[in-house]
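Everything on this sheet refers to the single structure shown next.
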Amino acid sequence: IAVACRSCQWLHSCLTYQLITSYDRNHNLFNLYEYILVEKRGENQDVGYIQLNRPKALNALCDGLMLELGKALDAFEADGTVGAIVLTGSDRAFAAGADIKEMQNRTFQECYAGNFLAHWNRVSTTRKPVIAAVNGFALGGGCELAMMCDIIFAGEKAQFGQPEILLGTIPGAGGTQRLTRAVGKSLAMEMVLTGDRITAQEAKQSAYELTLAEGNRLEKRLFHSTFATEDRKEGMTAFVEKRKANFKDQ
Ligand code: CO8
(Lines give C-alpha, C1' and ligand atoms only; values in the text may rest on other atoms or scores of the structure.)
Protein backbone atom coordinates (compact mmCIF):
# COMPACT_ATOMS: atom_id res chain seq x y z
CA ILE A 1 0.00 0.00 0.00
CA ALA A 2 2.83 2.35 0.95
CA VAL A 3 4.46 1.83 -2.44
CA ALA A 4 1.15 2.36 -4.21
CA CYS A 5 0.54 5.56 -2.27
CA ARG A 6 4.01 6.81 -3.01
CA SER A 7 3.57 6.13 -6.74
CA CYS A 8 0.17 7.82 -6.61
CA GLN A 9 1.82 10.81 -5.04
CA TRP A 10 4.56 10.74 -7.66
CA LEU A 11 1.99 10.43 -10.45
CA HIS A 12 0.00 13.25 -8.91
CA SER A 13 3.02 15.55 -8.76
CA CYS A 14 3.95 14.65 -12.35
CA LEU A 15 0.43 15.39 -13.54
CA THR A 16 0.34 18.63 -11.58
CA TYR A 17 3.66 19.65 -13.06
CA GLN A 18 2.50 18.74 -16.55
CA LEU A 19 -0.68 20.71 -16.07
CA ILE A 20 1.17 23.69 -14.68
CA THR A 21 3.43 23.73 -17.68
CA SER A 22 0.79 22.94 -20.31
CA TYR A 23 0.02 25.25 -23.19
CA ASP A 24 -3.34 26.03 -24.75
CA ARG A 25 -3.99 26.39 -28.49
CA ASN A 26 -2.63 29.95 -28.44
CA HIS A 27 0.58 28.67 -26.85
CA ASN A 28 -0.27 30.37 -23.57
CA LEU A 29 0.63 28.57 -20.41
CA PHE A 30 -2.47 27.62 -18.47
CA ASN A 31 -2.74 29.82 -15.45
CA LEU A 32 -2.99 27.15 -12.86
CA TYR A 33 -0.72 29.03 -10.54
CA GLU A 34 -2.11 30.60 -7.42
CA TYR A 35 0.29 33.51 -6.95
CA ILE A 36 1.53 34.36 -10.44
CA LEU A 37 0.12 34.89 -13.93
CA VAL A 38 2.08 33.20 -16.66
CA GLU A 39 1.78 33.45 -20.41
CA LYS A 40 3.73 33.82 -23.63
CA ARG A 41 3.60 37.22 -25.28
CA GLY A 42 5.01 39.11 -28.22
CA GLU A 43 4.34 38.98 -31.94
CA ASN A 44 5.95 35.57 -32.16
CA GLN A 45 4.92 34.39 -28.72
CA ASP A 46 8.59 34.20 -27.82
CA VAL A 47 8.56 36.26 -24.62
CA GLY A 48 7.89 34.43 -21.38
CA TYR A 49 5.78 36.72 -19.22
CA ILE A 50 5.45 36.26 -15.46
CA GLN A 51 3.38 38.63 -13.34
CA LEU A 52 3.48 38.43 -9.56
CA ASN A 53 -0.14 38.34 -8.48
CA ARG A 54 -0.79 38.77 -4.76
CA PRO A 55 -2.35 42.24 -4.95
CA LYS A 56 -3.76 42.26 -1.41
CA ALA A 57 -0.31 41.63 0.06
CA LEU A 58 1.48 43.97 -2.38
CA ASN A 59 3.01 40.88 -3.99
CA ALA A 60 4.81 39.88 -0.80
CA LEU A 61 7.00 36.93 -1.70
CA CYS A 62 5.59 33.99 0.22
CA ASP A 63 7.13 30.56 -0.14
CA GLY A 64 4.36 29.36 -2.46
CA LEU A 65 4.92 32.29 -4.79
CA MET A 66 8.66 31.68 -4.98
CA LEU A 67 8.12 27.97 -5.68
CA GLU A 68 5.68 28.81 -8.47
CA LEU A 69 8.11 31.38 -9.87
CA GLY A 70 10.79 28.68 -9.98
CA LYS A 71 8.46 26.31 -11.84
CA ALA A 72 7.48 28.97 -14.38
CA LEU A 73 11.15 29.79 -14.99
CA ASP A 74 11.93 26.08 -15.41
CA ALA A 75 9.15 25.79 -18.00
CA PHE A 76 10.34 28.83 -19.96
CA GLU A 77 13.94 27.63 -19.82
CA ALA A 78 12.87 24.31 -21.31
CA ASP A 79 10.75 25.96 -24.01
CA GLY A 80 12.91 26.45 -27.09
CA THR A 81 10.53 29.03 -28.53
CA VAL A 82 11.05 31.42 -25.60
CA GLY A 83 13.94 33.84 -26.07
CA ALA A 84 13.65 36.06 -23.01
CA ILE A 85 11.55 36.38 -19.88
CA VAL A 86 9.81 39.41 -18.39
CA LEU A 87 9.11 39.45 -14.66
CA THR A 88 6.73 42.09 -13.40
CA GLY A 89 4.26 43.01 -10.69
CA SER A 90 1.55 45.65 -10.61
CA ASP A 91 1.50 49.43 -10.84
CA ARG A 92 1.44 49.63 -7.04
CA ALA A 93 4.00 46.99 -6.21
CA PHE A 94 6.60 44.91 -7.96
CA ALA A 95 6.99 43.16 -4.61
CA ALA A 96 6.97 44.57 -1.07
CA GLY A 97 9.52 42.01 0.13
CA ALA A 98 9.53 38.57 1.64
CA ASP A 99 6.28 37.73 3.38
CA ILE A 100 6.79 39.13 6.87
CA LYS A 101 3.77 37.29 8.26
CA GLU A 102 5.25 34.00 7.09
CA MET A 103 8.63 34.78 8.66
CA GLN A 104 7.38 36.33 11.89
CA ASN A 105 7.50 33.25 14.12
CA ARG A 106 10.39 31.37 12.57
CA THR A 107 13.24 30.38 14.86
CA PHE A 108 16.95 30.51 14.18
CA GLN A 109 17.12 26.72 14.28
CA GLU A 110 14.39 26.38 11.63
CA CYS A 111 16.02 28.94 9.35
CA TYR A 112 19.52 27.55 9.68
CA ALA A 113 18.78 23.82 9.61
CA GLY A 114 16.18 24.18 6.86
CA ASN A 115 18.36 26.57 4.82
CA PHE A 116 15.44 28.98 4.78
CA LEU A 117 14.73 30.55 1.39
CA ALA A 118 17.73 28.85 -0.23
CA HIS A 119 15.76 28.42 -3.47
CA TRP A 120 15.29 32.18 -3.81
CA ASN A 121 18.16 32.66 -6.21
CA ARG A 122 16.47 30.74 -9.05
CA VAL A 123 16.08 33.91 -11.13
CA SER A 124 19.81 34.58 -11.03
CA THR A 125 20.60 31.10 -12.35
CA THR A 126 18.24 31.41 -15.32
CA ARG A 127 20.23 31.17 -18.55
CA LYS A 128 17.77 33.14 -20.67
CA PRO A 129 17.78 36.91 -20.17
CA VAL A 130 15.30 37.99 -17.51
CA ILE A 131 14.00 41.57 -17.55
CA ALA A 132 12.39 43.01 -14.43
CA ALA A 133 9.64 45.50 -15.29
CA VAL A 134 9.30 47.39 -12.00
CA ASN A 135 6.73 49.88 -10.83
CA GLY A 136 5.67 50.76 -7.30
CA PHE A 137 7.34 49.14 -4.31
CA ALA A 138 10.42 47.00 -4.86
CA LEU A 139 11.40 46.51 -1.25
CA GLY A 140 13.55 44.02 0.64
CA GLY A 141 13.28 40.69 -1.16
CA GLY A 142 11.40 42.52 -3.93
CA CYS A 143 14.36 44.79 -4.57
CA GLU A 144 16.65 41.76 -4.38
CA LEU A 145 14.46 39.85 -6.84
CA ALA A 146 14.61 42.76 -9.31
CA MET A 147 18.39 42.94 -8.94
CA MET A 148 18.70 39.21 -9.70
CA CYS A 149 17.29 39.96 -13.16
CA ASP A 150 19.61 40.89 -16.02
CA ILE A 151 17.94 44.21 -16.78
CA ILE A 152 15.68 46.42 -14.64
CA PHE A 153 13.19 48.49 -16.59
CA ALA A 154 11.68 50.84 -14.02
CA GLY A 155 8.63 53.08 -14.20
CA GLU A 156 8.15 56.55 -12.71
CA LYS A 157 6.46 55.14 -9.61
CA ALA A 158 9.16 52.62 -8.82
CA GLN A 159 10.66 52.79 -5.33
CA PHE A 160 13.64 50.64 -4.42
CA GLY A 161 14.62 49.96 -0.84
CA GLN A 162 16.11 47.50 1.61
CA PRO A 163 14.03 48.26 4.71
CA GLU A 164 14.94 45.07 6.60
CA ILE A 165 16.69 47.12 9.29
CA LEU A 166 13.30 48.52 10.27
CA LEU A 167 12.22 44.93 11.02
CA GLY A 168 15.34 44.14 13.02
CA THR A 169 16.95 42.03 10.31
CA ILE A 170 19.16 42.43 7.24
CA PRO A 171 18.82 41.67 3.52
CA GLY A 172 19.22 37.94 2.91
CA ALA A 173 18.93 37.41 -0.83
CA GLY A 174 21.87 39.39 -2.17
CA GLY A 175 20.77 42.91 -1.22
CA THR A 176 24.01 43.97 0.41
CA GLN A 177 26.02 42.61 -2.49
CA ARG A 178 24.02 43.44 -5.62
CA LEU A 179 22.90 46.86 -4.40
CA THR A 180 26.52 47.83 -3.77
CA ARG A 181 27.35 46.91 -7.34
CA ALA A 182 24.26 48.66 -8.71
CA VAL A 183 24.37 52.01 -6.92
CA GLY A 184 27.78 52.08 -5.26
CA LYS A 185 28.89 51.36 -1.70
CA SER A 186 27.98 54.69 -0.16
CA LEU A 187 24.34 54.81 -1.26
CA ALA A 188 23.90 51.06 -0.73
CA MET A 189 25.11 51.38 2.87
CA GLU A 190 22.86 54.40 3.42
CA MET A 191 19.85 52.45 2.13
CA VAL A 192 20.64 49.30 4.10
CA LEU A 193 21.42 51.19 7.31
CA THR A 194 18.43 53.56 7.19
CA GLY A 195 15.80 51.63 5.21
CA ASP A 196 15.28 54.75 3.06
CA ARG A 197 13.94 54.20 -0.45
CA ILE A 198 15.16 55.63 -3.75
CA THR A 199 13.34 56.32 -7.01
CA ALA A 200 14.23 54.86 -10.38
CA GLN A 201 15.73 58.21 -11.35
CA GLU A 202 17.96 58.28 -8.25
CA ALA A 203 18.98 54.68 -8.84
CA LYS A 204 19.93 55.47 -12.42
CA GLN A 205 21.95 58.53 -11.42
CA SER A 206 23.89 56.52 -8.87
CA ALA A 207 24.41 53.50 -11.05
CA TYR A 208 27.95 52.65 -11.88
CA GLU A 209 28.46 53.38 -15.51
CA LEU A 210 31.00 50.61 -15.85
CA THR A 211 30.65 46.92 -15.21
CA LEU A 212 33.49 45.28 -13.32
CA ALA A 213 34.88 43.79 -16.55
CA GLU A 214 34.70 47.13 -18.32
CA GLY A 215 36.29 48.84 -15.33
CA ASN A 216 39.14 46.35 -15.26
CA ARG A 217 39.71 46.82 -18.98
CA LEU A 218 39.79 50.60 -18.55
CA GLU A 219 42.17 50.32 -15.60
CA LYS A 220 44.53 48.15 -17.63
CA ARG A 221 44.53 50.67 -20.50
CA LEU A 222 45.24 53.52 -18.07
CA PHE A 223 48.04 51.48 -16.49
CA HIS A 224 49.53 50.89 -19.92
CA SER A 225 49.25 54.60 -20.72
CA THR A 226 51.45 55.52 -17.72
CA PHE A 227 54.27 53.94 -19.72
CA ALA A 228 53.95 56.91 -22.08
CA THR A 229 54.96 59.37 -19.33
CA GLU A 230 58.39 60.57 -18.21
CA ASP A 231 57.32 60.39 -14.58
CA ARG A 232 56.59 56.63 -14.74
CA LYS A 233 60.08 56.07 -16.09
CA GLU A 234 61.58 58.40 -13.48
CA GLY A 235 59.66 56.74 -10.64
CA MET A 236 60.84 53.25 -11.48
CA THR A 237 64.36 54.36 -12.28
CA ALA A 238 64.60 56.18 -8.94
CA PHE A 239 63.50 53.02 -7.14
CA VAL A 240 66.16 50.95 -8.90
CA GLU A 241 68.82 53.62 -8.23
CA LYS A 242 67.77 53.86 -4.58
CA ARG A 243 67.09 57.59 -4.69
CA LYS A 244 64.06 59.88 -4.33
CA ALA A 245 62.06 60.38 -7.55
CA ASN A 246 62.21 63.77 -9.21
CA PHE A 247 58.73 63.99 -10.75
CA LYS A 248 58.03 66.75 -13.30
CA ASP A 249 54.40 66.07 -14.09
CA GLN A 250 55.41 64.95 -17.57
N1 CO8 B 1 4.89 40.83 3.91
C2 CO8 B 1 3.59 40.53 4.20
N3 CO8 B 1 2.57 41.37 3.98
C4 CO8 B 1 2.86 42.57 3.47
C5 CO8 B 1 4.17 42.97 3.15
C6 CO8 B 1 5.22 42.01 3.39
N7 CO8 B 1 6.50 42.27 3.07
N8 CO8 B 1 4.14 44.22 2.68
C9 CO8 B 1 2.87 44.59 2.66
N10 CO8 B 1 2.09 43.62 3.15
C11 CO8 B 1 0.63 43.62 3.32
C12 CO8 B 1 0.21 44.43 4.53
O13 CO8 B 1 0.33 43.66 5.71
C14 CO8 B 1 -1.21 44.76 4.17
O15 CO8 B 1 -2.00 43.63 4.39
P16 CO8 B 1 -3.31 43.75 5.36
O17 CO8 B 1 -4.19 44.74 4.66
O18 CO8 B 1 -3.83 42.36 5.37
O19 CO8 B 1 -2.80 44.25 6.65
C20 CO8 B 1 -1.14 44.96 2.67
O21 CO8 B 1 0.04 44.30 2.22
C22 CO8 B 1 -1.05 46.42 2.27
O23 CO8 B 1 0.04 46.98 2.97
P24 CO8 B 1 -0.07 48.38 3.76
O25 CO8 B 1 -1.44 48.54 4.32
O26 CO8 B 1 1.06 48.45 4.72
O27 CO8 B 1 0.11 49.41 2.54
P28 CO8 B 1 0.77 50.85 2.58
O29 CO8 B 1 0.54 51.45 1.25
O30 CO8 B 1 0.31 51.61 3.79
O31 CO8 B 1 2.35 50.59 2.79
C32 CO8 B 1 4.44 49.54 2.30
C33 CO8 B 1 3.05 49.94 1.78
C34 CO8 B 1 5.26 50.77 2.60
C35 CO8 B 1 5.10 48.70 1.23
C36 CO8 B 1 4.28 48.71 3.61
O37 CO8 B 1 3.33 47.68 3.39
C38 CO8 B 1 5.55 48.07 4.07
O39 CO8 B 1 6.38 48.74 4.67
N40 CO8 B 1 5.71 46.75 3.83
C41 CO8 B 1 6.84 46.01 4.32
C42 CO8 B 1 8.07 46.28 3.46
C43 CO8 B 1 9.24 45.52 4.02
O44 CO8 B 1 9.65 45.68 5.13
N45 CO8 B 1 9.83 44.64 3.18
C46 CO8 B 1 10.96 43.83 3.58
C47 CO8 B 1 10.48 42.51 4.10
S48 CO8 B 1 11.80 41.53 4.77
C49 CO8 B 1 12.56 40.90 3.40
O50 CO8 B 1 12.16 41.11 2.30
C51 CO8 B 1 13.75 40.04 3.66
C52 CO8 B 1 14.12 39.24 2.43
C53 CO8 B 1 15.10 38.21 2.85
C54 CO8 B 1 15.30 37.12 1.81
C55 CO8 B 1 16.16 36.03 2.39
C56 CO8 B 1 16.47 34.95 1.38
C57 CO8 B 1 17.45 33.91 1.93
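The values are calculated or read from the model by the stated rules, or taken from the named source; none is laboratory data. Bear in mind the structure is a predicted one, so any value in this text is a computation, not a measurement. With ideal geometry, Cβ positions are generated from the backbone for all residues, glycine too; neighbour counts draw on all protein chains shown. What goes into the accessible areas is simple: the full protein's heavy atoms, side chains included, and nothing from ligands, DNA or RNA. Shrake-Rupley method; radii C 1.70, N 1.55, O 1.52, S 1.80 Å.
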Which listed pairs, of Lys157/Lys185; Lys220/Lys244; Lys185/Lys244; Lys185/Lys242; Lys71/Lys101; Lys204/Lys233, have C-alpha distances above 29 Å, in listed order: Lys185/Lys244; Lys185/Lys242; Lys204/Lys233
Long-range amide H partners of Asp99 with built H, under 5 Å: Leu61, Cys62
Residue-level accessible surface for Cys111, protein heavy atoms, 1.4 Å, Å²: 40 Å²
Heavy-atom accessible surface of segment 138-250: percent carbon and sulfur, 1.4 Å: 57 percent
Straight-distance crosslink candidates among aspartates and glutamates, where the alpha carbon sits under 18 Å from Lys248 and sequence neighbours closer than 8 are dropped: Glu230, Asp231, Glu234
Length-normalised contact order of segment 55-126 in % [C-alpha pairs under 8 Å, at least 6 apart]: 50 percent
Debye, to nearest 20: dipole size of segment 102-222, +1 on Lys, Arg Cβ, -1 on Asp, Glu Cβ: 460 debye
Table column - 3J(HN,Hα) (Hz), segment 227-233, Karplus curve with 6.51, -1.76, 1.60, x for Gly and Pro: 6, 9, 9, 5, 4, 4, 4
By accessible area with a 1.4 Å probe, ligands and nucleic acids excluded, highest first: order of Ser186, Ser206: Ser186, Ser206
Solvent-accessible area per residue, Å², over segment 127-250 with all protein chains present [probe radius 1.4 Å]: 67 Å²
